[in-house]
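Notes for the one structure printed next.
The values are calculated or read from the model by the stated rules, or taken from the named source; none is laboratory data. All values reported here derive from a predicted model rather than from experimental measurement. As a convention, Cβ positions derive from the backbone with ideal geometry for all residues, glycine included, and neighbour counts pool all protein chains shown. Only protein heavy atoms, including side chains, enter the accessible area calculation; ligands, DNA and RNA are left aside. Shrake-Rupley method; radii C 1.70, N 1.55, O 1.52, S 1.80 Å.
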2 protein chains.
Amino acid sequence: MPRVVALDVVDVRFPTSRELDGSDAMNPDPDYSAAYAVLRTDEGPDGHGLAFTIGRGNDVQVAAIRALAPHVVGRPAPTTARDLAALSADLVGDSQLRWLGPEKGVAHMALGAVVNAAWDLAARRAGLPLWRFLAGMTPEELVGLVDFRYLSDALTPDEALDLLRRAEPGRAGRAARLEADGYPAYTTSPGWLGYSDDKLADLARRAVADGFDMIKIKVGASPADDVRRLRLAREVVGPDVRIAVDANQRWDVATAVERVRELAPFDPYWVEEPTSPDDVLAHQAIARALHPIRVATGEHVANRVVFKQLLQARAVDVVQIDACRVGGVNENVAILLLAAKFGVPVCPHAGGVGLCELVRHLAMFDFVAVSGTTEGRALEWVDHLHEHFTDPAVVRGGRYAAPTEPGFSARMVDRALVDFRYPDGPVWTNLEAR
Amino acid sequence: MPRVVALDVVDVRFPTSRELDGSDAMNPDPDYSAAYAVLRTDEGPDGHGLAFTIGRGNDVQVAAIRALAPHVVGRPAPTTARDLAALSADLVGDSQLRWLGPEKGVAHMALGAVVNAAWDLAARRAGLPLWRFLAGMTPEELVGLVDFRYLSDALTPDEALDLLRRAEPGRAGRAARLEADGYPAYTTSPGWLGYSDDKLADLARRAVADGFDMIKIKVGASPADDVRRLRLAREVVGPDVRIAVDANQRWDVATAVERVRELAPFDPYWVEEPTSPDDVLAHQAIARALHPIRVATGEHVANRVVFKQLLQARAVDVVQIDACRVGGVNENVAILLLAAKFGVPVCPHAGGVGLCELVRHLAMFDFVAVSGTTEGRALEWVDHLHEHFTDPAVVRGGRYAAPTEPGFSARMVDRALVDFRYPDGPVWTNLEAR
């Protein structure tokens with residue numbers, strides 16, 4: 001039986017702040033980065049995962065992943081739902097490491113990277129892309145992946161089982177539709193806060209030409225800029241293309257309501273991260289005040305417990321899962337089940353490094369085996385850094401193509417791991433030398 | 001002007017798991033540890049702070065503190081409220097590091113350690129114990145310490161100013177009372193889950209003899225054990241000593257309500273951490289169901305935003321601040337102001353390594369300058385590891401003595417930093433050699 005023989009972790013950083021790609025109201029100059037984890041096996045494929053950060057502190061994230069090595073090194077390579085449930089439970093259940101969260105921040109993202117690497121490994125061994133591997137599991141196996149601690153006031157294992165069983169008959173048909181037509185995408189590429197009006201208009205025009213029926217614009221800096229940029233985007237794309245706005249946590253309740261009302265004439269589709277991702281009650285107040293404009297959040301929501309409350313409180317109209325913020329595939333399955341229970345659409349967060357690559361699998365699994373619909377769903381697309389992955393995300397005509405390669409698509413090309421390694425890779429030593 | 005010339009960080013761990021000190025339903029075998037931070041100056045006193053962990057992962061916490069060095073090394077030694085507000089704002093405002101939280105977990109505790117070290121430094125330079133240094137600031141200076149982002153739906157700067165101004169006239173009298181009589185304490189030493197019934201009874205008896213009118217018992221393992229242990233404690237201490245019970249996050253909503261109702265015949269004073277510290281709505285449901293038994297939480301509450309919601313939702317009857325979980329003194333001032341606004345008593349969490357030493361200053365500041373009362377307040381006392389601090393907490397007759405030494409009392413004795421250094425200190429190499 002193959003075993004995990006090492007957990008290798010690399011600090012990889014891309015100097016994106018030079019171009020203001022990824023700039024928003026809270027993150028003016030991110031260097032998109034990954035704490036990249038590889039579960040090495042003595043036989044057969046390795047498993048790849050990552051935690052996404054935006055630069056400084058990526059070394060801390062690396063240290064947190066390394067701290068998990070004792071739980072995985074020497075372990076048989078996981079292959080089944082049961083193995084993957086056991087691994088996740090062992091990692092979450094480390095009582096000493098739990099103090100560092102619990103289940104949030106650096107320690108939790110580290111756990112997510114290792115859990116995702118284990119899923120990559122298992123899917124590769126099964127010869128299936130992750131979405132197909134996961135959607136091939138029985139409802140009982142899927143329910144067995146989930147840690148229901150703290151969830152039972154909103155979702156019980158029996159309710160989850162019912163949901164999954166109801167979706168079971170249509171799985172094959174939906175998988176075939178995905179392979180034929182892909183999954184709806186929207187693009188954030190036009191809207192970074194650091195871009196000029198000309199660049200915004202150009203990219204918005206190009207997005208529509210490329211087949212997107214939804215784009216996203218960053219807001220939250222000066223109110224006048226927000227209005228001008230959204231008006232411009234609306235003029236360029238016309239009335240039928242949806243435009244989401246994203247405030248990246250800049251506002252308190254009253255400011256969020258005021259600012260979004262000022263944007264209302266330009267018909268924003270949702271307002272994303274209007275305030276602190278920890279603030280369920282603030283999102284509830286904002287959602288009530290802004291209805292029917294949707295409220296979305298999730299990329300910084302720490303775990304399933306906070307998602308549960310956002311849903312219980314009807315504080316969000318859109319759930320934005322992130323492949324690398326929470327405890328990996330297992331916790332994202334829990335969040336997808338919660339969203340399905342409350343009938344709220346999931347529109348995953350992507351962009352970053354590798355986030356598009358990974359999260360498309362979860363959106364497609366949701367469609368095939370959980371929610372059974374793409375109604376009101378769209379998966380974020382940001383067109384950069386994909387060239388560094390061996391199985392990059394592909395979007396055509398405004399839709400994500402279904403991945404066909406085995407695994408979870410987290411694997412980076414060897415060259416990227418050499419060139420962008422921090423601080424000693426040539427890209428960084430050359431920048432330093434200037 | 002003196003400057004900070006280095007940020008030294010040491011991994012210090014105590015092998016407490018050998019004695020089951022500190023054992024509870026979620027933490028069966030903690031090795032109480034500190035990521036210990038020293039702000040070295042070129043002239044005058046250094047500043048000391050720490051993040052508390054329970055063993056594994058303390059190295060990750062050390063790495064997270066080191067990542068903050070660029071913000072402090074080379075900076076003038078902070079002396080004023082304005083300096084300390086600026087330092088906290090710089091650390092919280094690091095847009096790249098913010099991604100690791102935001103404001104939660106490893107990254108946030110690291111920030112808290114550095115902020116607290118800066119306060120230690122400033123109080124030492126002022127020649128005052130932290131509680132007196134802080135309580136000597138004007139209401140305007142105190143309000144200036146607080147980051148009101150995300151708070152304005154519950155507390156505005158003007159409301160905070162009003163609160164502080166109302167408490168201002170009585171400050172001197174209350175400080176004098178503290179120095180004469182100390183601050184009420186309760187003890188958790190009898191109740192660790194790993195202790196035998198005999199040890200529990202013995203320690204409970206001794207606590208009452210030592211003058212405590214409140215003790216705490218850990219619960220959350222088997223229901224029969226919980227009932228037996230609480231019944232025993234009640235028999236030993238009699239009807240007039242308050243007994244809090246602490247479930248350390250073990251339960252879901254329904255289980256919490258059921259279990260605590262089984263304990264009700266033995267008159268528990270509060271139930272602490274009945275469920276996930278992230279779950280505002282669950283605490284609200286539990287508090288409503290269990291009223292008039294109080295619900296308490298806080299030692300794992302990630303930041304002021306979650307405390308705010310617990311108060312807004314009337315989900316807690318007792319706020320348990322922790323000196324080292326959130327962003328240091330500045331954020332704890334925010335939490336004390338929120339609690340005062342909502343009229344909820346603050347009973348700080350202590351125990352751990354150094355937590356008693358630090359948090360007593362905050363409880364005393366609260367009494368002198370914020371809430372103005374000790375009614376319904378008690379500060380946790382756990383009688384171990386104090387010998388490793390240069391200004392250890394002292395409890396006599398069930399009351400904490402007011403500290404008189406300059407600083408925030410986080411400084412460890414040199415010997416402890418050598419002996420318990422992990423993994424290369426002699427205590428650990430000797431354990432390893434056995």
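Some points to look at:
- Residue check, B:Gly173 at positive phi and open to solvent by 30 Å² or more (accessible area, probe 1.4 Å): no
- Subset of the range A:308-337 [away from chain B (no Cβ under 13 Å) and touching a strand residue (DSSP E or B) at 6+ places or on another chain (Cβ under 9 Å)]: A:Val316, A:Asp317, A:Val318, A:Val319, A:Gln320, A:Ile321, A:Ala323, A:Gly328, A:Ile335, A:Leu336
- Yes/no for A:Ala113 being within 14 Å of chain B (Cβ to nearest Cβ) and not in a loop (DSSP other than H, G, I, E, B): yes
- Condition check for A:Gly136: surrounded by fewer than 21 Cβ atoms within 10 Å (Cβ to Cβ) and among the small types (Gly, Ala, Ser): yes
- Each residue in the range A:341-357 was checked for being part of a helix (DSSP H, G or I), hydrophobic (A, V, I, L, M, F, W, C) and either crowded, with 24+ Cβ neighbours inside 10 Å or on the phi > 0 side of the Ramachandran plot (or both), and 2 of them qualify.
- Selection from the range A:1-40 of residues that are assigned to a loop (DSSP other than H, G, I, E, B) and surrounded by fewer than 19 Cβ atoms within 10 Å (Cβ to Cβ): A:Met1, A:Pro2, A:Pro15, A:Glu19, A:Leu20, A:Pro28, A:Asp29
Per-residue answers, yes or no, for (1) without any contact (Cβ under 8 Å) to a residue 24 or more places away in the chain; (2) under 20 Å from B:Phe266 (Cα atoms); (3) open to solvent by 10 Å² or more (accessible area, probe 1.4 Å); (4) among the hydroxyl-bearing types (Ser, Thr, Tyr):
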{"residue": "B:Pro129", "(1), (2), (3), (4)": "no, no, no, no"}
{"residue": "B:Arg132", "(1), (2), (3), (4)": "no, no, yes, no"}
{"residue": "B:Val146", "(1), (2), (3), (4)": "no, no, yes, no"}
{"residue": "B:Arg149", "(1), (2), (3), (4)": "yes, no, yes, no"}
{"residue": "B:Lys199", "(1), (2), (3), (4)": "yes, yes, yes, no"}
{"residue": "B:Asp210", "(1), (2), (3), (4)": "no, no, yes, no"}
{"residue": "B:Lys216", "(1), (2), (3), (4)": "no, yes, no, no"}
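- The helices (runs of 4 or more DSSP H) falling completely within the range A:221-333 that include 2 or more residues that are among the β-branched types (Val, Ile, Thr) and crowded, with 24+ Cβ neighbours inside 10 Å map to A:280-290, A:304-312.
- Filter result for A:Gly298 (closer than 15 Å to A:Ala51 by Cα and of a type outside the set (Val, Ile, Thr)): no
- Filter result for the condition that a residue is touching a Phe, Trp or Tyr at 6+ places or on another chain (Cβ under 8 Å), touching a residue at least 24 places away in the same chain (Cβ under 8 Å) and more than 17 Å from A:Val295 (Cβ to Cβ), over A:Leu164, A:Leu193, A:Leu178, A:Leu203: A:Leu178
- Some residue of the range B:109-117 being open to solvent by 10 Å² or more (accessible area, probe 1.4 Å) and not basic (Lys, Arg): yes
- Hits in the range A:227-256 (condition: within 12 Å of chain B (Cβ to nearest Cβ) and either under 21 Å from A:Pro190 (Cα atoms) or over 26 Å from the mean Cα position of the chain (by Cα) (or both)): A:Asn248, A:Gln249, A:Arg250, A:Ala254, A:Thr255
- Among residues of the range B:61-80 being open to solvent by less than 30 Å² (accessible area, probe 1.4 Å) and not small (Gly, Ala, Ser), the one that is farthest from the other protein chains (Cβ to nearest Cβ) is B:Pro78.
- Of the criteria (1) of a type in the set (Phe, Trp, Tyr); (2) open to solvent by 20 Å² or more (accessible area, probe 1.4 Å); (3) closer than 23 Å to A:Val427 by Cα, which one A:Trp381 fails: (3)
- Answer residue from the range B:11-40, given it is closer than 30 Å to B:Pro76 by Cβ and of a type in the set (D, E, K, R) and is farthest from the other protein chains (Cβ to nearest Cβ) among those: B:Arg40
- Test: residue in the range A:358-372 that is modelled with pLDDT of 95 or more and either assigned to a loop (DSSP other than H, G, I, E, B) or open to solvent by 30 Å² or more (accessible area, probe 1.4 Å) (or both): yes
- Restricting the range A:384-405 to residues that are open to solvent by 30 Å² or more (accessible area, probe 1.4 Å) and among the hydroxyl-bearing types (Ser, Thr, Tyr) leaves a set whose member that is nearest to A:Asp162 (Cα to Cα) is A:Thr404.
- Residue count for the range A:406-420, restricted to those that are touching a strand residue (DSSP E or B) at 6+ places or on another chain (Cβ under 6 Å) and open to solvent by 40 Å² or more (accessible area, probe 1.4 Å): 1
- When the range B:41-60 is limited to residues that are in contact with an Asp or Glu (Cβ under 8 Å, 6 or more places away or on another chain) and in a helix (DSSP H, G or I), the one that is farthest from the other protein chains (Cβ to nearest Cβ) turns out to be B:Asn58.
- Residues (farther than 24 Å from A:Gly352 by Cβ and either open to solvent by less than 30 Å² (accessible area, probe 1.4 Å) or touching a strand residue (DSSP E or B) at 6+ places or on another chain (Cβ under 6 Å) (or both)) located in the range B:81-105: B:Ala81, B:Leu84, B:Ala85, B:Leu87, B:Ser88
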